[in-house]
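Have a look at the structure below before the remarks.
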Amino acid sequence: MKLVKTIVEVREQVKQWKKEGFTIGFVPTMGYLHEGHGSLIKKARENNDKVVVSIFVNPMQFGPSEDLESYPRDIEKDSKYVEELGGHLIFNPEPEEMYDDGFCSYVDMSVLTEELCGLSRPTHFRGVCTVVNKLFNIVQPNNAYFGEKDAQQLAIIKRMVKDLNMDLQIVGCPIVREEDGLAKSSRNTYLSEEERKAALVLSKSLKIGKELLESGCKDAGKVRDAIVEYIEKEPLARIDYVKVVNALTMQQVQDIKGEVLVAMAVYIGNTRLIDNFMY
Ligand code: AMP
């Protein structure tokens with residue numbers, strides 16, 4: 001397993017691999033890896049000859065008052081983990097390697113980015129689309145792996161690849177959870193012991209919503225209200241949003257028909273957590 005910090009080094013390695021006829025799987029991350037990331041790396045290993053993992057805390061996708069500086073980082077531990085899982089290359093650039101002084105080109109998407117997380121984080125998806133586009137151009141993978149944990153991001157990346165005729169497959173991977181149901185996240189490390197317990201309202205309230213749908217409820221408003229009512233009982237929780245949207249367009253629905261995404265962002269103390277399910 002090799003760790004490189006420059007675009008030139010990634011290009012050289014990938015060029016060599018392609019010459020030898022190897023396929024390339026790519027897993028973009030912000031690091032502080034956990035089993036959620038691990039599941040993506042394993043999937044990439046299964047279906048590709050070589051696996052590239054990027055570890056880059058992308059400044060462009062953080063808002064001015066967000067946690068860019070405090071975002072957890074541990075490149076040594078991450079390197080060991082990628083090696084254990086059989087990854088072949090880590091790309092870990094500094095921000096200056098990705099964005100030089102004159103940088104001024106962006107990938108902006110409408111519609112899908114304007115709902116859910118896009119409302120409370122208005123510049124977030126511009127940062128995500130731009131960096132993912134750059135990373136795809138650098139790594140030139142055959143397949144790229146994204147978690148359903150960030151369901152809106154996954155839908156956006158799939159749309160971007162389609163709209164801009166990018167020559168790769170996007171593979172979505174299921175949410176990996178702690179034993180008690182909390183979705184694994186690098187940001188869970190911010191939680192105090194008390195907040196960690198309170199954070200269970202996300203997965204537990206989603207379960208209530210899912211049960212309602214499974215019992216035949218077709219009213220998105222009712223599903224949403226039941227989820228909100230459950231979360232509001234937890235004093236440490238503050239809802240950013242709870243919404244039922246069309247799984248492809250991310251637009252709110254009133255009646256449940258076709259595939260829907262039930263998604264939420266909830267602050268537990270100062271930590272903003274997201275969770276969702278598809279139905
Ligand atoms: P991040 O490092 O948080 O930007 O995440 C990198 C990738 O890992 C994204 O595609 C995430 O959706 C995915 N991911 C993060 N947490 C999980 C999880 N608990 N289960 C599955 N995928 C995840």
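FYI, it's all coordinate maths here, none of it is from the lab. Just so we're clear, the structure is a prediction, and the values are computed from it rather than from any experiment. Because the Cβ atoms are built from the backbone with ideal geometry, glycine has one as well, and the counts that use them run over all protein chains shown.
Side notes on the structure shown:
- Under-5 Å amide H pairs with residue 256, H placed in peptide plane, nonlocal only: 219, 220
- Fluctuation leader among 16, 153, 169 - the chain, Gaussian network, Cα springs under 10 angstrom: 16
- Of 129, 173, the sequence from fewest to most neighbouring Cβ atoms within 10 angstrom is 173, 129.
- By the equivalent-ellipsoid construction on the alpha carbon gyration tensor, the stretch 147-192 comes out with semi-axes of 29, 11, 7 Å, ordered largest to smallest.
- Available extension along the chain between residue 67 and residue 5 is 20.0 nm, counting 0.36 nm per residue and deducting the alpha carbon span.
- The stretch 161-265, relative contact order [Cα under 8 Å, separation at least 6], %: 19 percent
- Dimensionless Rg over Rh [the stretch 35-120; C-alpha; Kirkwood]: 1.02
- Rounded to the nearest 20, the size of the Cβ-charge dipole of the stretch 142-276 about its Cα centre is 200 debye, with Lys and Arg at +1 and Asp and Glu at -1.
- Note on residue 254 and residue 200: the extension gain reaches 16.8 nm, defined as 0.36 nm multiplied by sequence separation minus the Cα-Cα distance.
- Rg to Rh, two decimals, where the chain supplies the alpha carbon set and Rh follows Kirkwood: 0.97
- Environment charge at residue 77 (Cβ cut-off 14 Å; Lys +1, Arg +1, Asp -1, Glu -1): -4
- Distance between modelled label sites at residue 178 and residue 226, nm, 7 Å Cα→Cβ extension: 2.6 nm
- Net lengthening on full extension, residue 18/residue 210 (0.36 nm per residue, minus Cα-Cα): 64.7 nm
- Shape box of the stretch 62-196 [Cα atoms, principal axes, largest first, Å]: 43, 37, 33
- Using a Förster distance of 30 Å, the FRET efficiency for residue 83-residue 114 (Cβ separation, nearest 0.05): 0.15
- Taking every DSSP beta bridge that has both ends in the chain, the antiparallel portion is near 50%.
- For residue 3, net neighbour charge (Lys/Arg +1, Asp/Glu -1) across residues whose Cβ lies under 15 Å away: -3
- With the alpha-carbon atoms of the stretch 181-237 aligned to their principal axes, the span from lowest to highest coordinate is 37, 22, 12 Å, starting with the largest.
- The 3J(HN,Hα) values that the Karplus relation (6.51, -1.76, 1.60; θ = phi - 60°) gives for the stretch 20-33 are, in residue order, 7, x, 7, 8, 10, x, 10, 10, x, 9, 9, x, 6, 5 Hz. Gly and Pro appear as x.
- Relative contact order of the chain, defined on C-alpha pairs under 8 angstrom at six or more residues apart (%): 18 percent
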